[in-house]
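The values are calculated or read from the model by the stated rules, or taken from the named source; none is laboratory data. Keep in mind that what you see is a predicted model, and the values were worked out from it rather than measured. Ligands, DNA and RNA are stripped out before the accessible areas are found, and what is left, the full protein with its side chains, is counted by its heavy atoms. Shrake-Rupley method; radii C 1.70, N 1.55, O 1.52, S 1.80 Å.
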Amino acid sequence: LYEIMPEAKDKKVILYAPTFRGHVATASSPDRIDFERFCRELGNEYVIVCKHHPFVKNPPIIPEELQHFARDLTKYLSIEDLLCCADICISDYSSLVFEYSLFEKPMIFYQFDKESFRQQHYEEGYFDYERDGFGEILYDKNDVIDELDRILENGCVLDDKYRKRIDKFFTLRDENNSQRNFEAIKEICDRG
């Protein structure tokens with residue numbers, strides 16, 4: 001990350017990774033982050049790195065004058081690399097939040113289009129964010145800034161509710177995971 005964006009050194013890294021909107025062939029990415037305001041209010045302590053869904057061919061453009069604060073790294077780093085460097089993740093409906101939850105770092109769900117997204121992508125919903133989510137669900141960009149301020153003020157400390165949800169979804173989270181996977185695959189191969 002520092003090679004591509006040296007401005008990130010000594011700052012907290014916010015990963016903004018929304019899922020796509022629309023259909024696969026015409027997928028778009030939301031353009032709802034006010035980078036100028038975020039820079040003004042958060043730029044001394046944060047940088048934002050964006051990672052758009054692979055289906056999105058024309059992501060929103062971050063103005064050149066804000067590249068020191070916010071940068072689209074979709075073409076430069078994998079989502080796995082960015083999850084590892086992020087101090088905070090802002091997403092919406094993406095499944096990447098499960099992987100990120102294992103880092104036990106704060107998340108924000110920015111779901112400004114909750115009803116239209118739900119109608120377009122799923123009727124029943126595949127995940128109840130209100131009941132099982134790993135962070136605050138927000139609908140307004142002003143609330144996102146307020147939540148980022150709150151997280152920074154509290155030192156990125158997670159609450160017990162978050163930890164209980166991690167334990168609910170990841171029951172076999174210990175040092176024996178690789179061995180269990182190896183044994184399961186070996187057993188399948190041995191059966192033939």
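From the Cα gyration tensor of the range 1-91, with a ≥ b ≥ c the square roots of its eigenvalues, which class applies: rounded if a/c is under 1.5, or else prolate if a/b is larger than b/c, or else oblate?
Numbers: a/c = 1.96, a/b = 1.48, b/c = 1.32.
Prolate.
Just to confirm, what accessible area per residue do you get for the chain at 1.4 Å probe, in whole Å²? Walk me through the numbers before you get to the answer.
Numbers: 11220 Å² over 192 residues.
Here the residues of the chain average 58 Å² of exposed surface.
Cross-link list K141/K161; K12/K186; K9/K141; K57/K186; K51/K114; K75/K164: which exceed 31 angstrom alpha carbon to alpha carbon? List each step's numbers first, then the result.
Working: K141/K161 24 Å; K12/K186 42 Å; K9/K141 26 Å; K57/K186 40 Å; K51/K114 20 Å; K75/K164 35 Å.
Too far apart for the 31 Å limit: K12/K186; K57/K186; K75/K164.
Straight-line reach from K168: taking Cα to Cα under 20 Å and skipping same-chain neighbours fewer than 8 places apart, the lysines in range are K105. Can you give the relative contact order of the chain as a percent, counting alpha carbon pairs under 8 Å and 6+ residues apart? Once divided by the residue count of the chain, the mean separation gives 19 percent.
[x] 16.3, 47; [y] 18.0, 61; [z] 21.1, 62: which one is Rg and Dmax of the Cα atoms in Å as calculated from this entry? Checking each listed value against the structure points to [y]. For the pair the range 54-87 / the range 1-29, the C-alpha centres are spaced 3 Å from each other. With the helix formula -39500 (n - 2.57) applied to DSSP H stretches of n ≥ 4, the chain reaches a computed 222 nm mean residue ellipticity of -10500 deg cm²/dmol.
If both residues of a DSSP beta bridge must be in the chain, then about 5% of such bridges are antiparallel.
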